[in-house]
1. Please give the average number of partner chain Cβ atoms lying within 10 Å of the Cβ of each residue in B:231-243, rounded to a whole number.
2. Pull up the DSSP beta bridges for segment B:190-312 and report the antiparallel fraction as a percent, rounded to 5.
3. In degrees from 0 to 90, rounded to the nearest 10, what is the angle of the helix B:332-345 Cα long axis to the longest principal axis of chain B?
4. Kindly express, to the nearest 10 degrees and within the range 0 to 90, the angle between helix A:228-250's C-alpha long axis and the longest C-alpha principal axis of chain A.
5. List the chymotrypsin sites (Phe, Trp or Tyr not before Pro) in segment A:163-192 that DSSP assigns to loop (not H, G, I, E or B) and whose Cβ has at most 16 other Cβ atoms within 10 Å. Which are they?
6. Tell me whether segment A:2-324 comes out rounded, prolate or oblate; compute the Cα gyration tensor, take square roots of the eigenvalues as a ≥ b ≥ c, and use a/c under 1.5 as the rounded threshold.
7. Straight-line reach from residue B:178: which lysines have a Cα under 17 Å away, not including same-chain ones fewer than 8 places off?
8. For chain B, what does the helix formula give at 222 nm: sum of -39500 (n - 2.57) over DSSP H segments with n ≥ 4, over the residue count, nearest 500 deg cm²/dmol?
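Each value in this text was obtained by applying a stated rule to the coordinates, not by laboratory testing. Just so you know, these numbers come straight off a predicted model, no measurement behind them. Please note: Cβ atoms are built from the backbone with ideal geometry, for glycine as well, and neighbour counts cover all protein chains shown.
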Amino acid sequence: MDAIFLQILNGLDKGGAYALIALGLTLVFGTLGVVNFAHGALFMLGAFCAITLEKILTISMKVKDESITFFDAYKEQPYLEIWFGDFGTTIIDWSVPISILLAIPVMLLIGLVMERGLIKHFYKRPHAEQILVTFGLAIVLQEIVKSFFGANPIPSPAPEIFSGSAPIGVLLGLGESVVYPWWRLIYLLFSGIIIFAVFAFLQFTTFGMVVRAGMHDRETVGLLGINVEHRFTIVFGIAAVVAGLAGVMYAPILPPDYHMGMDFLVLSFVVVVVGGMGSLGGAVAAGFLLGILQSFASMNEVKAIIPGIDQIIIYLVAVVIILVRPRGLMGRKGVMED
Amino acid sequence: MSDDKSKTSELSRRGFIKVGAAALTAANMPMFFVKDAWAAKDFRNNPGNAGSVKFGFNVPQTGAYADEGADELRAYKLAVKHINGEGDGGMLNTMKPLTLKGNGILGKKLEYVTGDTQTKSDAARASAKRMIEKDGVVMITGGSSSGVAVAVQGLCQEMGVIFMAGLTHSNDTTGKDKRRYGFRHFFNAYMSGKALGPVLKEEMGTDRKAYHLTADYTWGWTQEESIKNTTEALGWQTTAAVKTPVGAGDFSQYITPVLNSGADVLILNHYGKDMINSLTQAVQFGLRDKQVNGKNFEIVVPLFSRLMAQGAGENIKGILGTTNWNWSLQDEGSKAFVKSFGQEYGFPPSMAAHTCYVQALLYANAVEQAGTFYPPEVIKTLEGFKFDGMGNGPTEYRAEDHQCFKDVLVVRGNQNPTSQFDLLQVQKIVPRSEVEYDAKIFGGELGPYEV
């Protein structure tokens, strides 16, 4: 029972990341009709916003390392610590949450530049060409990040206060052995808040209403004198911010490296297909569903019956869904059905 | 008639003298030229009278192990400098016995070309093949994966070019997949198990339950097997051994079952990025703060390096494992290499850099000693070669399987580092005699000298 509970939490947690990436992916597809394979790279860039801010906050004075006698080596002491003492240390410790403030404008800008500079030229081109060009863009972004930050994962710890595990077993009466990392619980909560915010924005604002209307019938909305393209460009920026924020908050869970976006992109794309291309609710539901399924498939008891199932379960589900219901769980009728 | 007879007789005498002289010359020839008798024999990429020779450095320049590859490349460039008589000489000042003269190899200037293994067997083979066929290299070296090492040494055997492996820790490399043309300086999973066993017993006792998470490929399998054999011989039980996909990223779904498994030790048979992620996540799940079966829960990482410790940050502190070499060793060879590398690059070398530097020097020295680049003769020189002054104490390239035997380091993530590079604390230097084994236990055939 404890194991099942923990795997559900794991699945929700993982599903939160899938849902956030898939949400942006499907939002872009629903509005602009573009299959954006560079969306995973936006997730990765978000994580590197956290790394960049940490590097900025830890800009250091080089002091000769006297303990190294074989050659001239230098150690670094952050200026923030020199100037502000413990307060400086605390700011560095909280660099990941603080980097959300950096990530929002940076990711919005990246999204807008990406859409205006490249993606808009491919609106009327076949999906295959969109995939090729966005995939190429993803590789370029990866290589740029690698040239600046190297290939190895860079640890980016959560604030000290969230470093341990929450005794949720004790709180829920399940026993002491049921614990779950604080930061993962925060990530789950954060995913929920972002998903809710996106839905609320689309549901309760005039801007959102126009976007939803445009998703259904772009031409008619245009005939009403509304500049849909302009709105959709902003939607692309919002999708980039959502992916970026997902990446920022994921940095303490998985030390970021240049390739992390690609790992998530493939799974998130499957999530979008299972949820239904262009369906926001479908992307979120499928994200959590596949996250939980993947977690359960990793249990030793399940793997003992079907070895290797943990590595194929998501794709297996996708195959079944495409065969039985090509438009996905909550996809609109007619979309991707032919 | 008599004239004829006399002519015949005279001719016979001359003929006898000529034939005799020729026979004597022929009989004596090997004695004069025995050292170069095979010089006339042609072989792939024979440098002949060329003024230079090329090594092929096949390292991961992209992919998950690119940082290790970059360090390997730094070490190789340093080795080339030293072999050509430039710089401070590094380990050429400490290596014994040494035949190299600091003027290249057999008087030829050493050059190099590089290839990118991408940590993929097929890419590594393709780049090695390109360097052999197009660049004409006399030796291939490098790599940071056992899958790559096994694939490349198979190719080198087929093509008749010696392969001096880089970082490869699977028992298979010099076990069931060993090749006559492949040589490994790095230690292996069996040795890690042998070295770790007594330390685990001393620190954690004999009543433990271990849970393995294992990278699902040749290196992970052999390491799991070796460590299991060691811990079970100590009296430990193995609760579960779970294979995880290479590059899984998020290991949380594999770690949560550990929490309620009854195990009190988690053994992470992961390397590089996988180890950094799985260890970080295991610590996040509070495993190191847990008490199970009345004991502190422990995590063991049988193989790790300073570069990995750097990636794992705080989480590696106090974790036990083994390593091939560490820059803090105080023998003359290690000190000379660290000084040389540090002066060149501003930081100490990793164990991958060390093993690659040594491999380049060993091959060059073997050629100089054999007096030829002809691979079978170089192989025979390396087989059973005993040397010292290159870190890890007296070392031997065992002839039966081309595995180097030397002291192994048991290390612990340093809890109180004295410098930014002081990430591993050497817990114990396990003598070579304690990690040696019969070459037959892992099977395999070296194959022929002539290909």
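1. 1
2. Bridges in segment B:190-312 are about 10 percent antiparallel.
3. Orientation of helix B:332-345: about 80 degrees from the principal axis.
4. Compared with the principal axis, the helix lies near 40 degrees.
5. Answer by residue number: there is no such site.
6. Here segment A:2-324 falls in the oblate category.
7. B:380, B:440
8. The per-residue figure over chain B is -13000 deg cm²/dmol.
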